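Here the structure comes first, spelled out in structure tokens, and everything after it is commentary.
The values are calculated or read from the model by the stated rules, or taken from the named source; none is laboratory data. Everything quoted here is computed from the prediction, not taken from an experiment. So basically every Cβ, Gly included, is an ideal-geometry build from the backbone, and we count neighbours across all protein chains shown. Protein only, heavy atoms only, side chains kept; ligands, DNA and RNA dropped before computing areas. Shrake-Rupley method; radii C 1.70, N 1.55, O 1.52, S 1.80 Å.
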Amino acid sequence: MRTLRTVGEVRAALREARRAERVIGLVPTMGALHDGHLSLIRRARDTCDEVVVSLFVNPAQFDQATDLKAYPRDEARDAALGAAAGADLLFAPDLAEVYPPGFATTVHVGAVTETLEGVHRGAGHFEGVATVVTKLLNIVGPDVAFFGQKDAQQALVIRRLVRDLDLPVRIEVCPTIREPDGLALSSRNVHLRGADRERALALRDALAAAEASLGAGERDAGVLRAAALAAMRERGVEPDYLELVRTDDLSPVTRVDGEVLVAVAASVGSTRLIDNTILNANGQPGG
Ligand code: AMP
């Protein structure tokens, strides 16, 4: 695996692959790679000819300076893990390569950014995500880009952006990878100390309670939400939000007919966590 620092190096490295119509896959990450990221890289390896992993901690999508400062960084470790999972190229630019002096353009996706994380982290968060992902798609020019269902709203924002701007890429969303006890893998989990690691299971418990209630025949969104909320509170955790919404536009639902996204966010100690599941009134829960 080669590590590249500049846009020019990436374009040159992919020129031959593009000319030969080899399938290029991109996995955007902010590093601190874990099995969630590696599952995306392995999926890209299985389905593409050239696998590009980007590693860039994007300041524009952080709403808290402390969160940005504390974000775990270890490029050497990420490079070793990425290579072992099958990456061919690691694009790890510095800040000025992505945001050169005078940078002044923002990609704003409406509607689906105005709820859930958009409310709690502010409009700047998804603008930061949409802008950097647009840049990465333009720099790499992948046939397929891989994202995790763990960040369900982000995946939807990116699907919308790609559709609205006619970007020639297919977006593939891969399942959430979890610890054996059900905690969704996240780079921020390293900050969970002592009892907070146990309390973090409140998110998993909330989703499991909604699934169990659906399985018992409940279809009313308010009742399903109350079951999920009670499960969180048993662990002493209050959500930032806990919502049942449509999977296609994130608008609230009152009943579960077909597929519904249950999205939850909470701070456990000083660590902010998100998780989600898809309830399916006609079949198995997923997500
Ligand atoms: P991040 O480095 O947090 O920006 O994440 C990079 C990509 O990995 C995003 O598409 C995330 O949705 C995805 N991802 C993060 N955690 C997980 C997980 N536990 N399972 C699957 N994908 C994940």
message = When you check V53 against the structure, is it surrounded by 20 or more Cβ atoms within 10 Å (Cβ to Cβ), under 15 Å from the mean Cα position of the chain (by Cα) and more than 9 Å from the ligand (Cβ to nearest atom), yes or no?
response = yes
request  = Provide a single number: the residues in segment 168-192 that are more than 17 Å from T29 (Cβ to Cβ) and either in a helix (DSSP H, G or I) or open to solvent by 30 Å² or more (accessible area, probe 1.4 Å) (or both).
outcome  = 7
query = Can you find even one residue in segment 8-17 that is in contact (Cβ under 8 Å) with a residue 24 or more places away in the chain, part of a loop (DSSP other than H, G, I, E, B) and more than 12 Å from the ligand (Cβ to nearest atom)?
reply = no
task = Give the residues of segment 86-124 that are on the phi > 0 side of the Ramachandran plot, open to solvent by 50 Å² or more (accessible area, probe 1.4 Å) and assigned to a loop (DSSP other than H, G, I, E, B), sorted by residue number.
result = G102
message = Checking the condition within 16 Å of the ligand (Cβ to nearest atom), among the basic types (K, R), within 25 Å of L273 (Cα to Cα) and in a loop (DSSP other than H, G, I, E, B), which residue from R73, R77, R42 passes?
response = R73
query = Out of all the residues in segment 18-39, which are more than 9 Å from the ligand (Cβ to nearest atom), open to solvent by 20 Å² or more (accessible area, probe 1.4 Å) and outside any helix (DSSP H, G or I)?
reply = A20, E21, R22, V23
key: Selection count where residues are in a helix (DSSP H, G or I), open to solvent by 20 Å² or more (accessible area, probe 1.4 Å) and either farther than 29 Å from G269 by Cβ or in contact (Cβ under 8 Å) with a residue 12 or more places away in the chain (or both), scope segment 199-228   = 13
ask   = Within segment 129-146, how many residues turn out to be surrounded by fewer than 20 Cβ atoms within 10 Å (Cβ to Cβ) and assigned to a helix (DSSP H, G or I)?
value = 2
query = Going through segment 230-263 one residue at a time, which ones are open to solvent by less than 50 Å² (accessible area, probe 1.4 Å), under 23 Å from the mean Cα position of the chain (by Cα) and either modelled with pLDDT under 95 or not β-branched (V, I, T) (or both)?
reply = M232, P239, Y241, L242, L244, L250, S251, L261, A263
task = Mind listing whichever residues of segment 160-198 are more than 10 Å from the ligand (Cβ to nearest atom) and closer than 16 Å to V264 by Cα?
result = G182
request  = Would you be able to tell me the number of residues in segment 113-129 that are touching a residue at least 24 places away in the same chain (Cβ under 8 Å), of a type in the set (A, V, I, L, M, F, W, C) and over 11 Å from Q154 (Cα atoms)?
outcome  = 1
ask   = Which one is farthest from S54 (Cα to Cα), of the residues in segment 147-167 that are in a loop (DSSP other than H, G, I, E, B) and of a type in the set (A, V, I, L, M, F, W, C)?
value = L165
message = Here is a list: Q149, Q153. Which entry is within 24 Å of L183 (Cα to Cα), within 17 Å of the chain's Cα centre (by Cα) and open to solvent by 20 Å² or more (accessible area, probe 1.4 Å)?
response = Q149
